[in-house]
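As structure tokens, the structure follows; a few thoughts come after it.
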Amino acid sequence: MRLLTDGSDAIVRGALDAGCDFFAGYPITPASSILMAMMRRLPAAGGVAIQGEDEIASIGMCIGAALGGARAMTATSGPGISLYSENIGLAVMGEVPLVIVDVQRLGPATGGATTVSQGDVQFVRWGTAGGYPVIVLAPSSIADSYRLTRRAFALAQRFRCPVFLLTDKELALTVNTVPAAELSGAPATADDGATARTAGGDPARPYRYEPADGVPPPRRYGDGAALRFTGSTHDEGAVITKNPATVGALNRHLIAKIEQHRDEIEDVTADLQPGAATLLVSYGVTAGAVRQAVAALRAAGTALSAVTLHSLWPVPESALARALAGVSRVVVAELNHGLYRREIERLAVSAAPGGLRVSGVHRVDGELITARQIAQAVTDAAGETVRPAAAEPVLQEATP
């Protein structure tokens, strides 16, 4: 059986199956459909859904709910992430498990409210003070939207941190048919995402800094001993401190609990072809056009490898290192002016110092990158001549 649906519905399904029982958000195009669906469906599932008076109040309510033991989610777009920034930092410092959906649209400022973009890819990573790591997942299909929403909840519980689901207007709102089995799964259990714990809970100690990558389970505030919560530097009992040893242990912990588990978080689809000189890298909605371009170019006799990134932060360096091995050039496709390409360029220096060329195919005019444009970028990077007649029947605009 197939379902006629879109990415927003898939996110809602994934959240409900992941055990989400609290949602708060404020209407903003193109994320409003997630808010409306959660307000219709979450109360029927025994949860709470609220339209806050603004974005700041909405994410604040989510943090409060998560501290009370709820599995919380919010959804917004770029301007809303701007308003979320301070509370995202609070969630990082307080180690609050929280899922934040960013349905990207063209910016900056109000930008193009109904226009597709992938311009928030660096923003969600660096949009709060301190530069501490966060986890960012990026679906490239409706089925991905369901799977990665569920994974976002599991990772948020596992690492006690905000996890971003970075999608976009076209993927969220374009209707397509999907096998029903790809949008369903066993409901989450109470300990889903917390089974890999390296330390146990302690009613008097809601945090633990040693070992630096250890993450104790989230505490349900109100159960047992009274617990503190603060956005300031604090000890393991959440008491504010300026003791250098404790502050250093806290901040090393906030980094290590994510950076030392990169391989656990890493999520990519690699389609590597032996002998290929060119690697195509994509994420999100552009991956559909990349798949079409790869199929057409291979049919025309071009050896080509491709990697679709489903996790963007931390950068999936192990998978990318394997993909970069042996190629001489890389083409990165994204709907911005080359924001994530910078990460690929950094890795390319280590893969082949001075010998690996990285180029990009980008659009910032509110239109999708087409398979033809990607194929052109590949042939340009290789210094080859395009074969328009052979490729014409296959290279069409991507369907999200």
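The values are calculated or read from the model by the stated rules, or taken from the named source; none is laboratory data. Remember, it's a predicted structure, so these values are computed and weren't measured experimentally. As a convention, Cβ positions derive from the backbone with ideal geometry for all residues, glycine included, and neighbour counts pool all protein chains shown. Surface areas here come from the heavy atoms of the whole protein model, side chains and all, with no ligands, DNA or RNA. Shrake-Rupley method; radii C 1.70, N 1.55, O 1.52, S 1.80 Å.
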Margin query: Full-extension gain between Leu4 and Ser328, please, as 0.36 nm times their residue separation minus the C-alpha to C-alpha distance.
Written below: 112.5 nm
Notebook entry, point to check: Once Rh for the stretch 250-296 is found with the Kirkwood sum over Cα pairs, what is the Stokes-Einstein diffusion coefficient at 25 °C and 0.890 mPa s, in µm²/s?
Noted result: 181 µm²/s
Notebook entry, point to check: How far is it, in nm, from the label point at Arg346 to the one at Thr177 when both lie 7 Å from their Cα along the line to the Cβ?
Noted result: 4.4 nm
Item checked: Accessible area, probe 1.4 Å, largest first, for residues Tyr84, Tyr26, Tyr132 -> Tyr26, Tyr132, Tyr84
Margin query: Report the rotationally averaged projected area of the stretch 316-362 based on its alpha-carbon convex hull, in square nanometres.
Written below: 3.0 nm²
Note to self: With only alpha-carbon atoms in the gyration tensor, what are the semi-axes of the equivalent ellipsoid for the stretch 198-352, in Å, largest first?
What the structure shows: 44, 16, 13
Notebook entry, point to check: So for the stretch 293-344, what are the equivalent ellipsoid semi-axes in whole Å, largest first, each being the square root of 5 times an eigenvalue of the Cα gyration tensor?
Noted result: 21, 14, 10
Margin query: For the chain, take the longest principal axis of its alpha carbons; what is the angle in degrees between that and the long axis of helix 341-351, to the nearest 10 within 0 to 90?
Written below: 80 degrees
Next item on the list: Kindly report the accessible area of the chain per residue (heavy atoms of protein chains, probe 1.4 Å, no ligands, DNA or RNA), in Å².
Entry: 39 Å²
Check: In whole Å, how far is the Cα centre of the stretch 337-369 from that of the stretch 97-114?
Finding: 22 Å
Item checked: For the chain, alpha-carbon Rg and Dmax in angstrom -> 21.5, 73
Note to self: Using only the heavy atoms of the protein chains and a 1.4 Å probe, how would His234, His362, His337, His261 rank by accessible area, largest first?
What the structure shows: His337, His362, His261, His234
Item checked: For the chain, built as a Gaussian network whose Cα springs stay under 10 Å, the top-fluctuating residue of Leu347, Leu166, Leu280 -> Leu347
Item checked: Helix axis angle, 244-259 relative to the chain longest principal axis, alpha carbon, degrees -> 40 degrees
Next item on the list: Starting from the Cα-Cα distance between Thr241 and Glu210, subtract it from 0.36 nm times their residue separation and give me the gain in nm to one decimal.
Entry: 9.5 nm
Check: Tell me, what is the Rg over Rh of the stretch 1-91, with Rh the Kirkwood radius over Cα pairs?
Finding: 0.97
Check: When N is the residue count of the stretch 1-152, what does its C-alpha Rg come to as a fraction of 2.2 N^0.38 Å?
Finding: 0.97
Next item on the list: Mind computing the radius of gyration and Dmax over the alpha-carbon atoms of the stretch 119-181? Å is fine for both.
Entry: 13.3, 42
Next item on the list: With the full set of protein chains in place, find how many percent of the accessible area of the chain is carbon and sulfur; take the probe as 1.4 Å.
Entry: 54 percent
